[in-house]
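K.L.:
Got a structure for you, written out below as structure tokens; questions coming shortly.
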There are 2 protein chains.
Amino acid sequence: MIKHALKNRRATDFSAWYQEVITEADMAEESGVRGCMIIRPWGYGMWERIQRLLDDQIKATGHENCYFPIFIPLSYFAKEAEHVDGFAKEMAVVTHHRLIEQDGTLVPDPDAKLEEPLIIRPTSETVIGTAFARWIQSWRDLPVKINQWANVVRWEMRTRMFLRTSEFLWQEGHTAHATRDEAMEETLAILELYRSFSENVLAMPVIAGEKPEHERFPGAVATYSIEAMMQDGKALQAGTTHYLGTAFAEAQNIRYQSPEGELELAHTTSWGVSTRLIGGVIMTHGDDDGLRVPPLIAPHQIVIVPMLRDNDEDAALLDYCNALVASLKQGSAFGEPLRVHLDKRALKPANKRWSWVKKGAPIILEIGGRDMAAGLVTVIERTALYGDDGRLASKAMTPADLAAAAPGLLEAIQQQLHAEAKTRLDANITRDITDRAALAAHFADAAAYPGWVEVSWSKPTGAGLEAIIEELKALKLTMRNVPQGSDAAGSTCFFTGEAAVERILIGRAY
Amino acid sequence: MIKHALKNRRATDFSAWYQEVITEADMAEESGVRGCMIIRPWGYGMWERIQRLLDDQIKATGHENCYFPIFIPLSYFAKEAEHVDGFAKEMAVVTHHRLIEQDGTLVPDPDAKLEEPLIIRPTSETVIGTAFARWIQSWRDLPVKINQWANVVRWEMRTRMFLRTSEFLWQEGHTAHATRDEAMEETLAILELYRSFSENVLAMPVIAGEKPEHERFPGAVATYSIEAMMQDGKALQAGTTHYLGTAFAEAQNIRYQSPEGELELAHTTSWGVSTRLIGGVIMTHGDDDGLRVPPLIAPHQIVIVPMLRDNDEDAALLDYCNALVASLKQGSAFGEPLRVHLDKRALKPANKRWSWVKKGAPIILEIGGRDMAAGLVTVIERTALYGDDGRLASKAMTPADLAAAAPGLLEAIQQQLHAEAKTRLDANITRDITDRAALAAHFADAAAYPGWVEVSWSKPTGAGLEAIIEELKALKLTMRNVPQGSDAAGSTCFFTGEAAVERILIGRAY
């Protein structure tokens, strides 16, 4: 029987397993500051890879990066009523700009109370819209397509690292267009960009589709999401795009003169993905030995662990390893030079090996005196960790063979991770449940892997929708999205029995 | 007489000129949020270039990036007394986590008052030191060398874009070491990294040296800076590194077990540069036609302005331009592919040309029907804008010749900008002033270009130092730094007449 690197098993306590991966892979830790985490180098390195690759795509589609203030005056926020309702309950409020000492302790200085409180941005539609109103005068100024990488704060009562923290890192795109059609085209183009990024870069298959009415971004006309399936069968909303119509433009006075001389409201969009993606990567690719990082976002793709013995032979071994690093770095995978790391820490080699297994480095090389004498390296693939005998699997290769094979191996690992997750996603969307008893039964066994259920529905609104939401809530279920291209023609609504108009995914969710 | 692109002249109103460059180059604008600016794409693009190139160097010297919370609990902050004194007067304080509607307006919810106020980080020594105390147990854990790119807030009463804003962007490095020598080595190594980065990447010559005692970072044992000379002769402190001794380690309990089994305090450092560098680049390289961006940090190094006429010939012209873009992008300068931009905006070509002159794109190409017919492009160098006749200078080149010459031209522009600034710096440090009357006379004429004065001094402390500070203040002067390698052996102190120990730079400053 395999002795895994982690104490917790996905199958028995997914939540404890998730937390253990984050700790053991040195990805993040509690900061001591309520609801905020410290992202450590291995976790932050993944975020840097995500940033760089996604940023390239955002720029390639004609968006420019800017930076807007972290503070939003309360009055800005109050302009768009629905938007306020959605956020006002969970925001950090700055009320003072100085501390003074009072009876030996520091307190906010009553003389330094702000006339108008400042909100730490939970999202930047209001402050960016105010700038759009200045920038946009004529149809010639449109479209405006900008993006920013920033920290945002939403006060959260129950937090979970990467998935839900009071402060998190994200990118937020904001655009303004002359027409509804152009704004919708943008909204859907970014949805597709997120979908392909998730599949191709994170190796995380997702379903892209429109959120139901009650799950829209506060103030939006339409919200779209990509939904990923975690290994416990729950959904993770991994990215959203919003068509905001003209409501924000009206509240913020974003108007342009058309070629015909008319003053028209702009149509705006916004869209974002966050450090939550890293939580998705963990719960998509992790196993009972820790994380497995897709090579495209691995801070180090290949890690070399020299079997140093603190003696005279170490110098020769390090020379051998350094030559290997230089040779491997000549190679490239996914159009970029390989990222290779030599771990020279003063720890036992076995501990170092297991630390990289838990961190999920795609390829780990162990090199000892015997390897060197034989002109070989010992290669461990993180995605093929154990042999049929249940023991750690490795193979010996010459440095030259390894250098030639490494790019292809990394690309194969990337594909393997995606294929495993795709198989799991496809196998766990149930489409043949047609009555309430079957639905309840499907989700009754907490230990099973229920995944998602897709049903036809009539898309009711108002009280009809409320009733369905409540009914699902009793089963701890939520509506995820209406997959793109969904067609329910000819069928009846699972909930109301009326003619269905589309199909919608239902599941438990983070 | 040349008709320059800006209304303001450096020589007559440097401050208005600075503001006009920022506006006319579309670098940044007031946000409407007190003390905070919006960094627009051209300004943010420069920051992204600075980030990427500096980040590469920070990583190459063994530092890893992390992310720490924006919030610092008040109690963390209170631990290091000197540090608090230095910052407590200018911090944003979060006191509530929710808003409610009261009499029709939104106000902080009295029921959502935080038990302990949170400070928006003005710098992160306290929160990072708390993590260091957890991470560091043994000498084997040292050194710890981390960095973060983040926004910070220091409440400022008088703000100036890029130079002094309430929120700004920066990197802050934080390290812990076993010994004083190692920590000092780190502090000086980063000082040298900043110096060479400023010279080689920003083309901004600086003087590196130690700050006098009263200009130290709050709580530091020694603070070093790089000081750049702006075109109005004032100094800009462009980056600082701090050796913090063991004071922060003591306050935060950062201790390690030595190989001998003793529990020892770690020695810590911190260091940072910020978006202030962009202000330095403007005031170092700008001229009366706007900014001149060093090619290494130019978001676009070459901008093509097609003379579109909104007729049938535009398509062929754009084909010609696109082929040129493709050809130029094959080339590389400074080890990176050329960054080339085709400006297709629906504006008059002359307006587009001048917008890029004001933005300071290093090379501007104008291409009209006649150029295309002749198989040529019209090349304008931003650093050689006017001919001897005072008219805009350009030369015609074939696309092939241009593609071959462009990398060398960009590298020459980078060097030219540095050489100009270096000549100015060297010419404007006066070293032969030995009495007070001469010093006052030197700085008496506000319209002149007084630059800096370097004098020998005896490095007094306490009341002696205070008296000198006051004396200089009357002339609006401050001590900048003691240049590295400064030697005052055998001379007497400018201020006290005692034996001098080193030489120190004096000047007006931002």
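K.L.:
Starting from the range A:408-482, pick out the trypsin sites (Lys or Arg not before Pro) whose DSSP state is loop and whose Cβ has at most 13 other Cβ atoms within 10 Å.
P.N.:
A:ARG431, A:LYS476
K.L.:
How much length, in nm to one decimal, is gained on full extension between B:ALA499 and B:ALA316, taken as 0.36 nm per residue of separation minus their Cα-Cα distance?
P.N.:
Full extension from B:ALA499 to B:ALA316 adds 58.3 nm.
K.L.:
For a quick check of your reading of the filter: which chymotrypsin sites (Phe, Trp or Tyr not before Pro) in the range A:304-399 sit in a DSSP loop and have no more than 16 other Cβ atoms within 10 Å?
P.N.:
Sites meeting the loop and neighbour criteria: A:PHE334.
K.L.:
Counting alpha carbon pairs within less than 8 Å and at least 6 residues apart, what relative contact order, in whole percent, applies to chain B?
P.N.:
On the way: 1008 pairs, mean separation 72.9, N = 510.
Relative contact order comes out at 14 percent.
K.L.:
Another question about this same structure. As a test question: what accessible area, to the nearest 10 Å², does B:ILE119 have when a 1.4 Å probe is rolled over all protein chains in place?
P.N.:
Ignoring ligands and nucleic acids, B:ILE119 comes out at about 0 Å².
K.L.:
With 31 Å as the limit, write out which pairs from A:LYS59/A:LYS352; A:LYS329/A:LYS352; A:LYS395/B:LYS145 have Cα-Cα distances beyond it, or answer none.
P.N.:
Checking Cα-Cα distances, A:LYS59/A:LYS352; A:LYS395/B:LYS145 exceed 31 Å.
K.L.:
Which cross-chain or sequence-distant (5 or more) residues have an amide H under 5 Å from the amide H of B:GLY239, H modelled 1.01 Å from N in plane?
P.N.:
Under 5 Å from the amide H of B:GLY239: B:ILE226.
K.L.:
Placing a label point 7 Å from Cα toward Cβ, how far apart in nm is B:ALA350 from its equivalents in the other copies, listed shortest first to one decimal?
P.N.:
8.1
K.L.:
Within 10 Å of each Cβ in B:128-134, how many Cβ atoms from other chains are there, averaged over the peptide?
P.N.:
2
K.L.:
Between B:ALA489 and B:THR434, what length comes free when the chain is fully extended (0.36 nm per residue of separation minus the Cα-Cα distance, one decimal in nm)?
P.N.:
18.3 nm
K.L.:
Along the Cα-to-C-beta direction of A:ASP13, a point sits 7 Å from the Cα; which residues of the range A:136-168 have their amide N less than 18 Å from that point?
P.N.:
Hits in the range A:136-168 for A:ASP13 at 18 Å: A:160-161.
K.L.:
At a Cα cut-off below 27 Å, give the lysines reachable from B:LYS476, other chains included and same-chain residues fewer than 8 away excluded.
P.N.:
Partners within reach: B:LYS89, B:LYS211, B:LYS234, B:LYS422, B:LYS459.
K.L.:
A further question follows. For A:GLU470 and A:LYS329 in one chain, what is 0.36 nm times their gap in residues minus the Cα-Cα distance, to one decimal in nm?
P.N.:
Separation in residues times 0.36 nm, less the Cα-Cα distance, equals 45.1 nm.
K.L.:
Which far-off residues, 5 or more places away or on another chain, put their amide H under 5 Å from the one on A:GLU156, with H placed in the peptide plane?
P.N.:
Long-range HN contacts for A:GLU156: A:SER166.
K.L.:
Taking only Cα atoms, what is the 0 to 90° angle, nearest 10, from helix B:14-24's long axis to the longest principal axis of chain B?
P.N.:
60
K.L.:
While we're on this one: So what's the angle, to the nearest 10 degrees on a 0 to 90 scale, between helix A:276-285 and the longest Cα principal axis of chain A?
P.N.:
Once rounded, one gets 50 degrees.
K.L.:
Which FRET efficiency value, to the nearest 0.05, is calculated for A:ALA384 and A:ILE2 with the Förster distance at 22 angstrom and r the Cβ-Cβ distance?
P.N.:
Efficiency at R0 = 22 Å is approximately 0.95.
K.L.:
May I ask you to derive the FRET efficiency for B:LYS344 and A:ASN253 from their Cβ-Cβ distance with R0 = 25 Å, giving the value to the nearest 0.05? Mind dumping the intermediate values first?
P.N.:
Numbers: r = 28 Å, r/R0 = 1.13.
The pair B:LYS344/A:ASN253 has a calculated efficiency of 0.30.
K.L.:
Further, regarding this structure: Rounded to the nearest 10 degrees, what's the angle between the helix A:349-359 long axis and the longest principal axis of chain A, both from Cα atoms, 0 to 90?
P.N.:
Computed tilt is about 20 degrees.
K.L.:
What does DSSP give for chain B in terms of the percent of beta bridges that are antiparallel, rounded to the nearest 5? Before the final figure, lay out each step's value.
P.N.:
On the way: 74 of 88 bridges.
Antiparallel: roughly 85 percent of the beta bridges in chain B.
K.L.:
Here's a follow-up. Label position 7 Å from Cα toward Cβ: report the copy-to-copy distances for A:GLY497 in nm, one decimal, ordered from shortest.
P.N.:
Those label-point separations list as 10.9 nm.
K.L.:
Any chance you could check the Cα centroid distance between the range B:215-246 and the range A:33-105 for me, in angstrom?
P.N.:
29
K.L.:
Can you list the copy-to-copy distances for A:GLY462, using a point 7 angstrom from Cα toward Cβ, in nanometres, shortest first?
P.N.:
Relative to the other copies, A:GLY462 has label-point distances of 8.5 nm.
K.L.:
Set the Förster distance to 25 Å, then compute FRET efficiency between B:ARG164 and B:ASP26 from the Cβ-Cβ distance, nearest 0.05.
P.N.:
Working: r = 21 Å, r/R0 = 0.84.
Taking R0 as 25 Å, the efficiency between B:ARG164 and B:ASP26 is 0.75.
K.L.:
Now, a different point. If one computes the Cα centroid of the range A:379-402 and of the range B:401-444, what distance in Å separates the two points?
P.N.:
Between the Cα centre of the range A:379-402 and that of the range B:401-444, the gap is 59 Å.
K.L.:
Counting only other chains, what is the mean number of Cβ atoms within 10 angstrom of the Cβ of each residue in peptide A:98-111?
P.N.:
Average per residue, whole number: 4.
The values are calculated or read from the model by the stated rules, or taken from the named source; none is laboratory data. All of these numbers come straight from a predicted model, not from anything done at the bench. Methodologically, a virtual Cβ is constructed for each residue, glycine included, from the backbone with ideal geometry; neighbour enumeration extends over all protein chains shown. These area figures cover heavy atoms from the full protein model, side chains too; ligands, DNA and RNA do not enter into them. Shrake-Rupley method; radii C 1.70, N 1.55, O 1.52, S 1.80 Å.
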